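S.K.: Okay, handing you the structure first.
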Amino acid sequence: MRAEAEHGPIARTREAAIRILLVEDDLELARRLKQGLEQSGFAVDHAETGQDGLFLGATEDYDAAVLDLGLPEVPGLTVLKKWRAAGRDLPILILTGRAAWTERVEGLNAGADDYMAKPFQVAEVAARLNALIRRASGRSSPLLRRGDIELNPAEGVVRVGETTIELTAKELAILLYLMSRPGRIVSQDQLCDHVYDLDSQRQSNTIEVYIGRLRRKLGRDVIRTVRGLGYRFE
Ligand code: CA
């Protein structure tokens, strides 16, 4: 266990709560989207081609995907259909050309959850992703409440009774993941997958450090350790 984790090399890794796959071949647009979404607290993996996107979306665990339809190698619509055929049920936001309403209809029919026509504001993409993820996890309210703990992911605030407690982005990400799965065992690897993006240095032992901090802030019994398996939100 490394108590100094947040001040060591880990401190330079991106802090993020939600993992997004961005499949977009327009590099300037992708750079702008990735940057904007990261500022909104998402961890973003970028794939430049349909082939790469298809692979990442089928093998990595994402909370949502932003998928351009006009892509080299494999068209976006094919990527979408293949993910769905393989049982990947993550929320998918498709990006389409301005005038191509037929593409939007086709995309939605193929299992996309929402679309945005280019050009768009990055802030709107972030807002729509948050709404899709919220809906996908079965919550119509942005607040997550378990016992006397109340988490507002959009505001990054947690309340215990009347007390507001400040969490770092990683603590928040871990708490959000655990609170969305009450009573279920979550492994360190799963938590790692949701807290770090692919480019970050992943160290599962730092998860232990964050869990320790959450317990100090929220109370010891809130998160139980299940020996050899992981953690459980009680
Ligand atoms: Ca394109």
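S.K.: Criterion first (under 24 Å from residue 137 (Cα atoms) and at pLDDT 90 or above) does residue 41 satisfy it?
M.R.: Against the criterion (under 24 Å from residue 137 (Cα atoms) and at pLDDT 90 or above), residue 41 does not qualify.
S.K.: Out of everything in segment 213-234 that is assigned to a helix (DSSP H, G or I) and in contact (Cβ under 8 Å) with a residue 24 or more places away in the chain, what residue ends up being nearest to residue 145 (Cα to Cα)?
M.R.: 218
S.K.: So which of 212, 156 ends up being at pLDDT below 85 and of a type outside the set (A, V, I, L, M)? Before the answer, list the steps.
M.R.: Numbers: 212 fails: at pLDDT below 85.
None of the other options fit; the residue is 156.
S.K.: Just to be sure before I move on: is residue 125 surrounded by 14 or more Cβ atoms within 10 Å (Cβ to Cβ) and either at pLDDT 80 or above or charged (D, E, K, R) (or both) in the structure I sent?
M.R.: Yes; evaluated as a whole, the condition is true for this residue.
S.K.: Still on this structure, I have one more. Name, by its number, the condition in (1) modelled with pLDDT of 80 or more; (2) part of a helix (DSSP H, G or I); (3) surrounded by fewer than 18 Cβ atoms within 10 Å (Cβ to Cβ) that does not hold for residue 171.
M.R.: Among (1) modelled with pLDDT of 80 or more; (2) part of a helix (DSSP H, G or I); (3) surrounded by fewer than 18 Cβ atoms within 10 Å (Cβ to Cβ), residue 171 violates only (3).
S.K.: Okay, next question. Residue 144 versus (1) within 15 Å of the ligand (Cβ to nearest atom); (2) within 20 Å of residue 179 (Cα to Cα): which is the lone unmet condition?
M.R.: Among (1) within 15 Å of the ligand (Cβ to nearest atom); (2) within 20 Å of residue 179 (Cα to Cα), residue 144 violates only (1).
S.K.: Kindly state which strands (runs of 3 or more DSSP E) lie completely within segment 18-121 and contain at least 3 residues that are away from the ligand (no atom under 16 Å from the Cβ).
M.R.: 18-23, 42-47
S.K.: Can I ask one more? Can you spot a residue in segment 36-49 that is among the aliphatic types (A, V, I, L, M), surrounded by 13 or more Cβ atoms within 10 Å (Cβ to Cβ) and without any contact (Cβ under 8 Å) to a residue 40 or more places away in the chain?
M.R.: Narrowing segment 36-49 to residues among the aliphatic types (A, V, I, L, M): 37, 43-44, 47.
Then drop every residue that is not surrounded by 13 or more Cβ atoms within 10 Å (Cβ to Cβ), which leaves 37, 43-44, 47.
Next, only the ones that are without any contact (Cβ under 8 Å) to a residue 40 or more places away in the chain stay: 47.
Yes - at least one qualifying residue is present in segment 36-49.
S.K.: OK, next. Which one is modelled with the highest pLDDT among residues in segment 177-200 that are in a loop (DSSP other than H, G, I, E, B) and within 21 Å of residue 47 (Cβ to Cβ)?
M.R.: Within segment 177-200, the match that is modelled with the highest pLDDT is 196.
The values are calculated or read from the model by the stated rules, or taken from the named source; none is laboratory data. Quick caveat: nothing in here was measured; it's all calculated off a predicted structure. Cβ coordinates were reconstructed from backbone atoms using ideal geometry, including for glycine residues, and neighbour counts include every protein chain displayed.
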